[in-house]
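Written out below as structure tokens is the structure these notes cover.
Please treat every number below as a calculation from the coordinates, not as lab data. Everything numeric here is computed off the predicted structure, so don't read it as measured data. Here the Cβ positions follow ideal geometry from the backbone for every residue, glycine too, while neighbour counts run over all protein chains shown.
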Amino acid sequence: MSFRPPSQLPAEQGLPRTPESFLPKEHNLYRPRHSKRQRTALACAAVFFVTPLLLSLVGVRATAFENRPLREFPSLADGWGFFTGMSGWATDHLPLRQAGVQAADAVSTGVFGDPPGSGQGTAHDGGTVGVDQGKPDNGDIPGYVYPTVLPGKDGWLYLGEDVNARCRPVMDTDHVVAALRKLRAVVERSGRKFELVIAPDKYSEEPAYLPDTYVGKPCAQARTAEFWNRVPRETGAIDLRPALADAEKRVGHPLYDRNDTHWSFDGGLVMTYALGAAIAPGSTAGWQAAPNGVRPWPADLARVLGRDEQRQLTTYSLSTDGGADRTRYIASDFKSPLQLTQPDGAAPAGSIAPKMAVVADSFTQFASPFLAATCQDVTIVHAETVAQSTAQELTSLFADRDIVTFELVERSVIGGSTALLRDQTIDLLGQVLAAHPR
């Protein structure tokens, strides 16, 4: 067989394989190697990838502006997760991303009238930001993803989980009540005093600014009514709602801010007074509290929407005997236990003498200054820490405590989502307390 060069191949085989850009311009298959569109696309790509690098060289850094930390650089040990995690890391660390998100949100809200956050076009942990734009709902919609932030009236924002927890509960109310009773029983059988405080959701305490229609409204309202009608009465939980309403009238403004899901130091003060009255009736008669300043506090719902807003919270002094102010404003999330004792070893009149443990969540951050002022010895630990602790760790937390108080936000109880309501958690706690009776 003889070899034929390409130019001598039979005509039916056509031309040899040739790049389109190498063909004569007159050929109908000719394509230039770099057309104007291609050059424009390459230039845009270069700007997109090089600009963040140049900005980082001059000191512009991405900062965490949502209600979560920036994603860490993925590890090679994650396998394929290294590649799937790269996109999230690159997005988080894009310089000037916060300004872009805020600009998009401003255009979406101001120009097109969309709810706050809808201009972001991204989903946050727990759901998408926005509100259902369809017809008024008739309850829960299967497959619907409840928004992280539910926009209300007059710029008020609500946590979407407050609706989700009510419409898609993990436990029905019967099981919630049974679990809380069991929790009380294991504490009291060990000779300790048990107190339960449920911090009302903003959804429950400030419903006037909720939107007129939203997905889940009927089921959320029905669950809320059932919960408050049954749980305080059937479990002995302290119902703070009347005292919170009185405090709101006294200070002349809501105890929850429009851009945050928590109550203020006013709410924390109400909780502390309620605990003092329950533990030692009559002890709070000599307590003296007075406003003494203002502290900024990051607004969590605004952060979810990419906005850096600060609450301005009134702070209070508190004395149990008319003497020195004993409040201490200590920043802690209680994931590591926080122990507070009177720094001078004093036992002022009206203070709570028994050693107390408070199993808490973020709402107790606003009560901790007043617990520091009124308790001679109190340990505050986050509910998640307790739920994840071993028997040995629970022993170190509770063995020498005379009072065990649980502060749980309504949303974690109303749907049964907190791990503190699981039999396994309660049983382990009960075994530890029984082994160290008081």
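Observations, loosely collected:
- By the beta-carbon count within 10 Å of each Cβ, the least crowded to most crowded order of 263, 297, fewest first, is 297, 263.
- Positive end of the dipole of the stretch 161-435 (Cβ unit charges, origin at the Cα centre): among 289, 262, 431, the Cα lying farthest that way belongs to 431.
- Annotation: amide H-H contacts under 5 Å for residue 195 (H modelled 1.01 Å from N, sequence separation of 5 or more, or interchain): 404, 405, 406.
- Cα gyration tensor shape of the stretch 364-438, rounded if a/c is under 1.5, else prolate or oblate by comparing a/b with b/c: oblate
- The stretch 161-435, Cα convex hull volume normalised per residue, Å³: 131 Å³
- The phi torsions of the stretch 343-353, fed into the Karplus equation with coefficients 6.51, -1.76 and 1.60 and a -60° offset, translate into couplings of x, 9, x, 6, 10, x, 4, x, 7, 8, 7 Hz, rounded to whole numbers, with Gly and Pro shown as x.
- Once the chain from residue 208 to residue 341 is taken as fully extended at 0.36 nm per residue, the excess over their C-alpha distance is 43.9 nm.
- Out-of-range pairs (alpha-carbon distance over 32 Å; input 202/335; 217/249; 182/202; 153/193; 153/249; 193/335): 153/193
- Local electrostatic count at residue 234 - Lys and Arg +1, Asp and Glu -1, tallied over other residues with Cβ under 15 Å: +1
- As a proxy for reagent exposure, ranking 351, 396, 368 by other Cβ atoms within 10 Å from fewest up yields 396, 351, 368.
- Simple label model, 7 Å out from Cα along Cβ direction - residue 308 to residue 392, nm: 4.4 nm
- Dipole check for the stretch 229-323: with +1 at the C-beta of Lys and Arg, -1 at the C-beta of Asp and Glu, and the Cα centre as origin, the magnitude is about 140 Debye.
- Annotation: extensible slack from residue 17 through residue 145 equals 40.8 nm (criterion: 0.36 nm per residue apart, minus Cα-Cα distance).
- Dipole of the stretch 161-435, positive direction: furthest Cα of 302, 363, 198, with charges on the beta-carbon: 198
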